Structures are given as structure tokens and as C-alpha cells.
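The values are calculated or read from the model by the stated rules, or taken from the named source; none is laboratory data. In this text, all values refer to a predicted model and were calculated from it rather than measured experimentally. So basically every Cβ, Gly included, is an ideal-geometry build from the backbone, and we count neighbours across all protein chains shown. Each accessible area value is taken on the protein alone, full model and side chains, heavy atoms only, with ligands, DNA and RNA left out. Shrake-Rupley method; radii C 1.70, N 1.55, O 1.52, S 1.80 Å.
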Amino acid sequence: MDQEMIGIYAGPVVGSLLALLCLFFALRAARRKRLVDNIPTSKTTGVFIGLVELEGTAEAEAPLHSFLAGKPCVHHSWKVEEHWSRTVIESYTDSKGRRGTRTKRESGWKTVASGGQAIPFYLKDDGGVIQVRPEGADIQADNVFDQTCGPTAALYYAKGPATAVMNSDHQRRFTEEAI
């Protein structure tokens, strides 16, 4: 079999394997989502070991204070992003073999600082109280702070780094989630 024939058969085979791999991961993710969606909300008095969903208020003897919002909490994660943009000149070759250049504008957000903290806390509902230890948990918290500002705002340097990223537009976005 010559090289050209191998190339003709290799493309569909690789494409089929890639499609099967994507299908496998999609089915696995759908099964996990269905499992989480179908877990009933329990009371604290009826909790068993394993996957469980609880609903109530989070309480701690010595709560944390969130970094950006300054609110009392038991978990918080924050992020500071800086906007950048640049003009890029790129070379290309068209379908007829002619070389040329074009100007392209690129932009995006780069995380320049982040952090957070979590402590064990008590979850209280009408049935009782249970201790929650959040180490290793996937926590989906509420957004408690979201602000975008420029360098004239006090927040820009007070809660962000003193230096800017390359090609900065001098605009920062501060976000925080907390429980």
C-alpha cells in the first residue's frame, strides 16, 4: 500500500475515533448532571454519607470577611482581571500563492490576582444543624462583588497589583463569590 492510500484511510479512522471519544465524554457528563439534578434536598436530621443536597443558612463562630466586599462569610473566592489589547500585523499566503500582510486587533482579560478562603461551618435548617467541611468541595457561591474601574478609582491599586500587564488598557474587573 503506498503512502497516498494510507493517508486516504487514516483521515476517516482518526476522525471516527475522535468522534467516539467526544461522544463518550458527552454521555459521561450528561449522566453526572442527571445524577446531581435528581438528588433530593434533605433535612439536616436525615443526612447519610454520600452525595447529598442540603439547604439552609451557613453559620460560623468566627466568620471570615470577604476580600473585596468586606462581608462576613464562611467561603469566598475573588479575582482581579486586567483588560489588554494590541494590534498585530500578520503575514499570510492566499490560495494563489501570493504573500501579503494584514492588520488584526486582539484583546482580552488576563487574571492578575486571585485568592480565597474557606472554613468549616455549620449549616442550619428547620430540622437541626450539621457541620460542613468544604475541603475539596466544588462550591457554587453567590456573586457578591462585581466592579470594573480605571486607575483613577481607589479600588484599582488598593485591591489590585501595582504593576500593569503588557498592552494594558488600564481597566480592571474585580469579582468575588461568597457564602
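Here the simple spin-label model places points 7 Å from the Cα toward Cβ, and for T163 and L21 these points are separated by 3.8 nm.
What is the packing order of peptides 157-166, 67-76, 121-130, 12-21, taking the mean over residues of other C-beta atoms within 10 Å and listing the highest first? Let's see the in-between values first.
Details: 157-166: 12.1, 67-76: 19.0, 121-130: 15.6, 12-21: 9.7.
In descending order of packing, they fall as 67-76, 121-130, 157-166, 12-21.
Given axes a ≥ b ≥ c from the Cα gyration tensor, I'd like to know whether the stretch 43-138 is rounded (a/c under 1.5), prolate (a/b larger than b/c) or oblate. Prolate, since a/c reaches 1.5 and a/b exceeds b/c.
Over the chain, what percent of the accessible surface lies on carbon and sulfur atoms, probe 1.4 Å?
55
Model label points for W109 and V47, set 7 angstrom from Cα along the Cα-to-Cβ axis, are 3.3 nm apart. A Förster radius of 45 Å, combined with the Cβ-Cβ distance separating V36 from R98, puts the computed FRET efficiency at roughly 0.25. Computed on the stretch 16-94, with alpha-carbon pairs under 8 angstrom and 6+ residues apart, the relative contact order is 14 percent.
Applying both filters, DSSP loop and at most 16 other Cβ atoms within 10 Å, to the GluC sites (Glu not before Pro) of the stretch 26-108 gives E55, E61.
Which whole-number percent gives the relative contact order of the stretch 61-179, counting Cα pairs below 8 Å spaced six or more residues apart?
Values: 229 pairs, mean separation 41.9, N = 119.
Rounded, it is 35 percent for the stretch 61-179.
Which entries of K79/K110; K43/K124; K110/K159; K104/K159; K71/K124 have Cα-Cα distances beyond 21 Å here?
Working: K79/K110 10 Å; K43/K124 9 Å; K110/K159 16 Å; K104/K159 33 Å; K71/K124 19 Å.
As for pairs spanning more than 21 Å Cα to Cα, those are K104/K159.
Other residues lying with their Cβ under 11 Å from the Cβ of T57 contribute a combined charge of -3, Lys and Arg counting +1, Asp and Glu -1. Against the chain, whose longest principal axis is taken from its Cα atoms, helix 3-37 shows a tilt of about 10°.
Candidate values (i) 16.3; (ii) 26.4; (iii) 21.8 were compared with Kirkwood radius over Cα pairs in Å computed on the shown model; the agreeing label is (iii).
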